[in-house]
Amino acid sequence: MAEQSDATVDPTGPILILANRLPFTVSRTARGLERQRSSGGLVAALEPVLQRRGGTWVGWPGLALRSRERLERVDEPYDIVPVSLTETEVNRYYHGFSNRTLWPLFHSFPERSRFDRRDWQTYGQVNERFAVAASEAASGSDVIWVHDYHLLLCPTSVRRLAPDARIAFFLHIPFPPYDIFRLLPWDREILRGLLDCDLVAFHVTGYAQNFLDCVERRLGARVDRENLLVEHGNRTVQVSAFPIGVDVEALEKRARAAGPVPEVPNERVVLGVDRLDYTKGISDRIRAFERLLELHPEHREKIVLLQIAVPSRSQVSEYRALKREIDELVGRVNGRFATATWSPIRYLYRSLPIDRLAGVYRDAEVALVTPLRDGMNLVAKEYVVCQVGDPGVLVLSHLAGAAETMREALHVNPYNVDETAEAIHRALDMDEVERRMRMNGLQRRERRYNVYAWVRSFLETALATQRVLRPPTDSDFAGWLAAFLQGHRLALLLDYDGTLARLADHPSRAVLTADMQRAIEACDARADTDVAIVSGRSLEDIARMVSLPDLVYAGNHGLEIEGKGVEPFHHEDLVHYRARTEELARELEQVALDGAWIEEKGPTLTFHYRPVADSARRNMLSEAARRTITAAGYQARSAHDALEARPPIGWDKGRAVLHILRSRYGPAWSEDVRVIYVGDDETDEDAFRMLSGLGVTFRVGSADTLTLATRRLPNTEAVGALLQWIARREDREPQAPRPR
Ligand code: GDG
């Protein structure tokens with residue numbers, strides 16, 4: 001592909017950018033508010049797109065605006081929407097949750113992460129504020145592009161406020177592995193926030209895979225690892241990797257134009273450029289440089305480590321401590337090796353103008369980019385594209401996202417001081433042929449995939465027709481269950497409505513298909529598999545609906561259980577509650593209006609409000625019914641367009657499942673029997689909770705509510721496919737029960 005100097009996305013509708021910061025920094029001076037445009041490649045790449053298509057940038061200006069202060073559009077070819085934050089909000093949302101919780105955790109430094117509920121709450125409130133500003137400005141936008149870890153919850157609020165918006169997210173930092181991400185007390189909320197997008201994108205595929213692991217294991221979401229898709233509610237979310245690039249042409253130009261730079265001394269320069277951050281590995285790098293001088297004294301007085309550390313987050317105490325640590329380390333190494341005319345480390349705690357920086361990059365013989373963890377690392381890329389003369393060598397940490405593509409660099413483990421020292425030595429000794437060969441490869445890639453290409457490919461994917469995750473197949477079922485079931489007896493416990501039979505406008509019309517009935521029968525016909533149906537319907541009703549005499553049936557959420565191999569069970573309080581439930585039914589008649597009706601099931605009842613046409617009226621009636629149920633001392637549980645009223649006798653589908661398992665297989669059932677439970681609503685959550693760690697559970701349906709189930713299935717068709725796989729599965733004979 002030819003070098004791209006500009007965005008060539010076909011202009012259609014406007015784009016809305018939602019980022020923590022606006023594309024400029026605002027400061028208050030005697031002359032009023034002044035802004036300084038950000039010099040980064042990201043802004044340079046996004047602006048032409050916003051200019052062509054029209055658009056808006058929503059962000060925090062970096063200071064609290066006073067009541068009469070306004071940030072009007074000045075010379076930006078697009079709208080600016082500042083989001084104001086109070087000082088407390090900045091402390092909790094930005095310095096707190098963003099930079100003290102998420103930043104260290106996502107960079108795999110969990111011991112530095114602080115989990116503070118108030119920070120989390122403010123983070124949620126501020127994210128909501130950003131989302132409100134975005135949705136107000138977004139009308140007509142083709143896509144709302146949310147950036148980075150400050151705004152992980154934003155997509156949920158945007159989705160609520162603008163349900164049809166196309167929402168795409170890019171994370172600029174790593175997405176950590178499951179074991180680390182799981183430490184966050186609000187991990188599921190964050191995952192659900194991101195899944196409210198249509199596209200969730202990362203720098204490299206490793207982060208995308210980590211994200212898929214987390215949504216699969218923490219939310220039970222169905223994922224397609226090959227096509228990087230996740231099913232969330234009734235939507236399919238595309239996950240992708242787009243390694244960010246730099247503005248190659250502009251940087252090359254700067255590197256060519258820069259005159260001699262005073263920062264580069266006569267000695268050969270080994271260069272480090274970073275924000276002063278513990279993730280960047282500056283201390284380990286200095287130690288590696290010290291080790292180099294020990295191991296290879298021939299370099300003494302010939303080389304200099306030029307370390308530029310840009311002040312960053314100095315309000316956070318860890319960053320101040322790091323600054324002290326580096327100051328001391330530099331002092332120690334310089335004190336140890338300096339001669340009358342030479343100091344090994346030149347340390348600048350400030351930032352340089354970009355033109356100067358380009359000259360420094362150009363003249364450095366070696367760049368040491370050795371973060372302990374980094375989303376991508378642009379310094380590595382900027383160094384490479386500024387090598388316009390005699391090519392230098394890039395030493396690159398394998399823990400930077402950049403390492404995934406920049407293969408020709410010398411990769412090091414930044415924690416390994418000796419290895420890094422040897423890599424610097426190798427870089428300094430490398431002959432020109434090898435240097436040129438490696439640098440050419442690196443430069444070619446950066447030219448091809450510059451920041452404009454990055455914006456273009458991201459937007460193309462964000463705007464593309466959405467894909468749909470294919471229904472689960474036998475190979476999915478085998479992957480999830482074959483090893484779990486191998487050689488064991490299976491107790492298969494199935495809810496009915498919404499699980500085996502599609503929901504209908506009236507319970508009497510929610511009937512089994514012939515295929516489903518055959519699949520259930522075929523499962524139960526296997527010598528190693530027993531089927532039980534666990535339903536909220538009355539025992540008599542559920543047995544009639546399924547019509548397979550050999551099964552076990554639990555009716556009324558398990559208050560009544562009968563069937564092959566189990567001790568019949570009728571909860572002792574049933575008689576007592578039958579009369580009270582009838583009374584409750586009479587009370588509920590008062591709110592059973594506009595088509596709402598009451599299904600009496602003996603000890604329990606269901607208030608159905610599906611026939612109520614008007615949604616406000618529905619809410620009103622169901623709330624009134626909930627109050628009546630609760631006032632009678634009953635438990636009200638939501639089902640599909642219905643409320644279940646159950647007597648307060650501490651019995652639910654979870655207890656029923658336990659009764660079935662114990663009475664059928666004995667108290668040590670869990671040693672020999674594998675359990676699968678499939679259900680679709682809140683009443684099944686009791687069974688999921690009871691079986692957590694003891695069995696595999698499936699939640700059916702497109703509701704994106706949280707579940708305790710192990711996995712999700714999209715609909716009753718997928719349940720049918722699962723049952724057919726269970727019925728056909730190849731398995732050894734069940735093992736004989738272990739001697740007790
Ligand atoms: C985050 C992720 C990801 C540095 N010193 C000076 C200066 N800089 C500029 C560099 C570079 C930028 O700062 C640093 O970018 P990095 O990518 O290295 O790191 P983060 O700031 O942590 O950025 C990172 C990035 O987002 C993009 O997605 O790559 O992994 O952590 O552009 O040039 N600029 C000037 N003077 C300096 O002295 N003008």
Open item on the list: Which of the numbered conditions does ARG129 fail, given that it passes all the others? Conditions: (1) among the basic types (Lys, Arg); (2) in contact (Cβ under 8 Å) with a residue 40 or more places away in the chain; (3) under 19 Å from ARG467 (Cα atoms).
Closed with: (3)
Task: Any chance ALA402 is assigned to a helix (DSSP H, G or I), touching a residue at least 12 places away in the same chain (Cβ under 8 Å) and more than 16 Å from the ligand (Cβ to nearest atom) - done: no
Open item on the list: When the residues of the stretch 135-153 are narrowed to those that are under 18 Å from ASP79 (Cβ atoms), within 21 Å of the chain's Cα centre (by Cα) and of a type in the set (A, V, I, L, M, F, W, C), which ends up modelled with the lowest pLDDT?
Closed with: VAL143
TODO: Just give me the residues in the stretch 287-321 being surrounded by 14 or more Cβ atoms within 10 Å (Cβ to Cβ) and in contact with a strand residue (DSSP E or B) (Cβ under 7 Å, 6 or more places away or on another chain), in sequence order.
DONE: PHE289, ILE303, VAL304, LEU305, LEU306, GLN307, ILE308, ALA309, VAL310, SER312
- [ ] Would you kindly identify the strands (runs of 3 or more DSSP E) lying entirely within the stretch 101-209 that contain at least 2 residues that are under 21 Å from ARG235 (Cα atoms) and away from the ligand (no atom under 16 Å from the Cβ)?
- [x] 143-147
Open item on the list: Kindly evaluate GLU572 against the criterion of being closer than 16 Å to ARG646 by Cα, part of a loop (DSSP other than H, G, I, E, B), without any contact (Cβ under 8 Å) to a residue 60 or more places away in the chain and more than 42 Å from the chain's Cα centre (by Cα).
Closed with: yes
Open item on the list: I need a count of the residues in the stretch 193-215 that are touching a residue at least 60 places away in the same chain (Cβ under 8 Å) and of a type in the set (D, E, K, R).
Closed with: 1
TODO: Please name all residue pairs, on different chains or six or more residues apart, with Cβ atoms under 6 Å, provided the first residue is in the stretch 364-375 and is assigned by TED's automatic domain parsing to the domain that holds GLU404 and the second residue is among the basic types (Lys, Arg) and near the ligand (Cβ under 8 Å from one of its atoms).
DONE: PRO371/LYS280
Open item on the list: Quick check on the stretch 307-317. Is at least one of its residues more than 38 Å from the chain's Cα centre (by Cα) and either in the same structural domain as ASP277 (by TED's automatic domain parsing) or more than 16 Å from the ligand (Cβ to nearest atom) (or both)?
Closed with: no
- [ ] Mind counting the residues in the stretch 371-399 that are polar (S, T, N, Q) and either under 23 Å from the mean Cα position of the chain (by Cα) or near the ligand (Cβ under 10 Å from one of its atoms) (or both)?
- [x] 1
- [ ] Among the numbered conditions (1) in contact with a Ser or Thr (Cβ under 6 Å, 6 or more places away or on another chain); (2) farther than 23 Å from HIS107 by Cβ; (3) touching a residue at least 60 places away in the same chain (Cβ under 8 Å), tell me where LEU352 comes up short.
- [x] (1)
TODO: Go through GLY498, GLY487 for me and flag whichever is under 23 Å from GLU685 (Cβ atoms), in contact (Cβ under 8 Å) with a residue 12 or more places away in the chain and of a type outside the set (Val, Ile, Thr).
DONE: GLY498
- [ ] Filter the stretch 670-717 down to residues that are surrounded by fewer than 21 Cβ atoms within 10 Å (Cβ to Cβ) and small (Gly, Ala, Ser), then give me how many there are.
- [x] 5
- [ ] Spot the failing condition for GLU111; the list is (1) touching a residue at least 12 places away in the same chain (Cβ under 8 Å); (2) within 23 Å of the chain's Cα centre (by Cα), and only one is missed.
- [x] (1)
Open item on the list: Being over 24 Å from LYS280 (Cβ atoms) and assigned to a helix (DSSP H, G or I) is the filter here; which residues of the stretch 414-434 pass it?
Closed with: ASP429, GLU432, VAL433, GLU434
TODO: Working only within the stretch 271-297, note down all residues that are among the aromatic types (Phe, Trp, Tyr) and away from the ligand (no atom under 12 Å from the Cβ).
DONE: PHE289
TODO: Name every residue in the stretch 489-507 that is of a type in the set (Val, Ile, Thr) and either over 15 Å from THR716 (Cβ atoms) or part of a strand (DSSP E or B) (or both), in order of residue number.
DONE: none
Open item on the list: If I ask for residues that are modelled with pLDDT of 95 or more and either outside the structural domain of TYR361 (by TED's automatic domain parsing) or within 13 Å of the ligand (Cβ to nearest atom) (or both), which ones from the stretch 255-270 would you list?
Closed with: ALA255
Task: strands (runs of 3 or more DSSP E) lying entirely in the stretch 596-695 (those with 1 or more residues that are more than 30 Å from ARG217 (Cβ to Cβ) and either at pLDDT below 95 or not assigned by TED's automatic domain parsing to the domain that holds SER508 (or both)) - done: 597-601, 604-608, 635-639, 642-646
Open item on the list: If a residue must be assigned to a helix (DSSP H, G or I) and either without any contact (Cβ under 8 Å) to a residue 24 or more places away in the chain or of a type in the set (A, V, I, L, M, F, W, C) (or both), how many such residues does the stretch 508-522 contain?
Closed with: 8
Task: Counted residues, the stretch 643-665 - those being in contact with a Phe, Trp or Tyr (Cβ under 7 Å, 6 or more places away or on another chain) and of a type in the set (Gly, Ala, Ser) - done: 1
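The values are calculated or read from the model by the stated rules, or taken from the named source; none is laboratory data. Fair warning: this is a prediction, and the values are worked out from it, not measured in the lab. All Cβ positions, even for glycine, are placed from backbone atoms using ideal geometry, and neighbour counts span all protein chains on display.
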